[in-house]
Every structure is written in structure tokens, then in C-alpha cells.
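Since the structure comes first, as C-alpha cells, the remarks are kept for the end.
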Amino acid sequence: MDQMFNKKMETISREKLQELQLKQLKQTVKQVYEKVPFYTKAFKKNGVTPADIKTLHDIQKLPFTTKNDLRDNMPFGMLTAPLIDYVELHASSGTTGIPITACYTVHDLEVWSEVMARCLCMSGLTKKDIFQNPIPYGTFTGAFGFHYGAQKIGSMFIPSGKGQSERQIKLMEYYGTTFISGVASYAIRLGQVAESMGIDPKKLSVRNGLFGAEMFTKGLKQRIIDTWDMDVHDIYGLTEMCGPGVSTDCDEHDGLHIWEDHFLLEVLDPKTLEPVGPEEEGELVITTLTKTGMPLLRYRTRDIAKIYDETTCECGRTHRKHSTIKGRSDDMIILRGTNIYPGQIEHVLMKHEDVGGNWRMVLSTKNEMDMLTVELETSRQLSQIEMMDLEEQLKGDIQSVLVFTPQVKILPPNTIPDTGLKAKRVIDNREKE
Ligand SMILES: [Zn+2]
């Protein structure tokens, strides 16, 4: 059995868990109905009041919350209390305009630290570890989530922050770092940098890591394992819920346990908004059950995954598992009439060991036709002939997924800019009508 941060809650019976969920749901519903004008209006529009929530199933009567709803009410319109009751705020990047701001009460920070501690503990972090956190500190949630969780566990924490990859490697060597975090593609980058410094990453003390913020395929995961000779866990989360900390995979490495005492999960068809069948893919829609400062009902994450039917796991936890995130429904690209997720391309790329962790899809228009160029870095310097070989192989492999042949542009290692934040996988330069 894995070590657990909160064994009592992580192994709670399904019956007790559902009782708790219903109690928390009723409380949350009452709170937002009374305190947040956006919800008061939305409840009226749906013809529903808090008294209508009698079972967990009744969640289907409640209004949804979308990213646009949040934008319309930013920065402070979704809060349940006056600003004086809040102690911290974080904001997402806002690639399409207004950033999403989340405000935290002391209680909310406590909840976030708790769920992060559970995730870190599940991925093997102990008090004895030396944990280096190479994530930019700022208004993003990432660095702070790991920071707060690690302090609950009591490991020695190095807030090494943004980038400067050579410095990160030197710190790892100097302090004997055993555990790292961050985005998966950056773990690959760090491995390459170590090698370029003449340091074999396998000879460093790093044995474990927890990575998130971008979808990552089995192939990318295996790549990190092979580079570092370490165990790799996957974490999921989003600013709207708390930040990272919503779910993580246990040592079974088969799905991510979502903390159902804090987050009530539905999986819905993104078009009809009806529940999908058992183990079918759909959009994750999450209701917060314990947030007091900015609770959200039925938040449409746009993330596509499926939830496992099984509620027992070898690790002993009773919280349900979802599959790794296949992609954001926002990230889905329609290319010559076919739906494509970046993950499908990554899956193909990661089968080739000469492909590095950094890659992107560049879309353009030529003769009124969608064109795709897949740009990727190699994991080592290749000869001209090796590059041509790789290009041919990749064209064929990608063609079998897309049904047409893309351009493939092969770049030397470390040429695609890297921020240490979520990688931008799609650059859409197509002409819009
Ligand atoms: Zn498990």
C-alpha cells in the first residue's frame, strides 16, 4: 500500500463519502445562492432553489459555470465575501484576454495545501526528501501549490523558481535533490541541459517527480523515466479549482485519483451536456465542495477524459480515478475536416527516441487549404542523413493518424523557446474567413 497523507479520508467508504459530498454540496449551493449575484440570477433562470437539492443526482438541476461567466465577473464578482476576508490571489495566463483571478481565504489555502500534500505523498514525497521546485513563482498557481503541499509533508524544500536550467542542474548536484516538480517538457529539457554540461542525469540523486500543467502522454512519461531513471507521477488541476492538486496517479499508474471530498466530478458530453456512459470520454465538469471564498458550481473545465467505473484500487484509495487528460476541448483542432488533439501528434512523436521533449504544430493556409507543419527538436545532434531519415519516418507515422502528410521541420536541440510554463503546442496562423 502507498503511503498516504490522510489515510482516513483517502480510504473512506463510498457510502460515507457520498454522504459527505451531499452535505457539502448543499452548503455550497446555499452559500453561492445567497452571496453571489451571478448564481442568484442563474438559479432563477433555471427555476431552481437550494431546497431542490436533495440528492447528489440533483446536481443536474444546477446551472453551469463557464470560463466566459468568470471573465464577465472578474476580478472580484464571483466572491462570497468582502475582500477583507481574503489573503491571496492567483491568476491564470489568460491567453485569450482577461486572466481568470481566483481569490483564497485562509480556509481555501488550507484546503489547497491539504490536497497538494495528498498528491505529493501519493507520488512518493516524504519528510526525508530534498524537493526542488523549478517552476516560475508569480501569479500562476503552480509553484505555490507544490510549495504549500511540500511544507505540510515537511520535506526540505528548494524554491528554485524560474528557468536558468544550468543553475537548476547545479543546485540539484549541490544539494542532492531527490524530488522535482514542474511541467513534463521542462523535465526533458533539464535532462538535455545536464547532458550538455557533461552530467549524466541518472547519476544525480533525483528519483521521483510530479509533473503537470500540460497533457502528457505515456510516451513523454517514459522519456522522463529513461532520462532520469526516476519514477514519474502526473498531477491535474486548474486555477479555477485551486490550482494543481485536484488529482494525481498512484503507484499503479493507471488513472488519477480525484479528491472527491473536495471536488464533485461529472463527465458530460460537451455538446449535449448530458452525462456520458460508463467509461466514455467527455468533458470534466467539477463542482467545488469545500471552497469558501470562490466556490464554483458545475465548472466546465473543457478538459477531455473518462472516469473509471471501478472504485477500488490496489493502492487502497476509494476516490475514483479519471484517465489522463486527452486534451482540452478548446485545443481540439479541425484540420481539413478532421478533429485532432495535440496529444495524438505527441503520441506519435514520442515513439522516436531522437525526438526531444519540445515540439509544436504550426497551422497555415496555402491555396485555401489547411497546412500543418510539425516542428520538433531532436534529443541530440543528428547528422544530415539521420535528420532526413527521421523526417521521412515521422511524415509516414503522422500521416497514418491524420490521413494527410504534414510538413515536418527538424530542429537542433534547445531551439524552440522554453518558458518553464505550459508549452504552447499549437500556433494557428491560418487565414480566418
Ligand atoms: Zn490507486
Counting only residues in region 305-330 that are of a type in the set (A, V, I, L, M, F, W, C) and outside any loop (DSSP other than H, G, I, E, B), the one surrounded by the most Cβ atoms within 10 Å (Cβ to Cβ) is identified as 305
What number of residues within region 86-139 satisfy the criterion of being under 19 Å from residue 293 (Cβ atoms) and not β-branched (Val, Ile, Thr)?
18
Looking only at region 331-343, filter to residues that are open to solvent by 40 Å² or more (accessible area, probe 1.4 Å) and within 30 Å of residue 264 (Cβ to Cβ); which one of those is nearest to the ligand (Cβ to nearest atom)?
331
Filter region 1-19 down to the residues that are part of a helix (DSSP H, G or I) and open to solvent by less than 40 Å² (accessible area, probe 1.4 Å), then identify the one that is nearest to the ligand (Cβ to nearest atom).
10
When you look at residue 76, is it in contact with a strand residue (DSSP E or B) (Cβ under 8 Å, 6 or more places away or on another chain) and in contact (Cβ under 8 Å) with a residue 40 or more places away in the chain, yes or no?
no
Identity of the residue in region 13-44, β-branched (Val, Ile, Thr) and in contact (Cβ under 8 Å) with a residue 12 or more places away in the chain, that ends up farthest from residue 286 (Cα to Cα)
36
Candidate set: region 144-157, residues that are touching an Asp or Glu at 6+ places or on another chain (Cβ under 9 Å) and touching a residue at least 40 places away in the same chain (Cβ under 8 Å); chosen: the one most open to solvent (accessible area, probe 1.4 Å)
152
Those residues that are within 21 Å of residue 145 (Cα to Cα), surrounded by fewer than 20 Cβ atoms within 10 Å (Cβ to Cβ) and at pLDDT 95 or above, I need them from region 158-170; list them, please.
159
Reported set for region 307-330 where residues are free of Cβ contacts under 8 Å to residues at least 40 places away in the same chain and within 16 Å of the ligand (Cβ to nearest atom) is 309, 310, 312
Identify all residues within region 331-345 that are in contact (Cβ under 8 Å) with a residue 60 or more places away in the chain and out of contact with any strand residue (DSSP E or B) (no Cβ under 7 Å at 6 or more places or on another chain); write none if there are none.
338
For residue 69, the lone unmet condition from (1) in a loop (DSSP other than H, G, I, E, B); (2) without any contact (Cβ under 8 Å) to a residue 60 or more places away in the chain; (3) not hydroxyl-bearing (Ser, Thr, Tyr) is (1)
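The values are calculated or read from the model by the stated rules, or taken from the named source; none is laboratory data. The shown structure was predicted, so the numbers you read here are calculated from the model rather than taken from an experiment. Here Cβ is always computed from backbone atoms with ideal geometry, including for glycine, and neighbour counts include all displayed protein chains. Ligands, DNA and RNA are stripped out before the accessible areas are found, and what is left, the full protein with its side chains, is counted by its heavy atoms. Shrake-Rupley method; radii C 1.70, N 1.55, O 1.52, S 1.80 Å.
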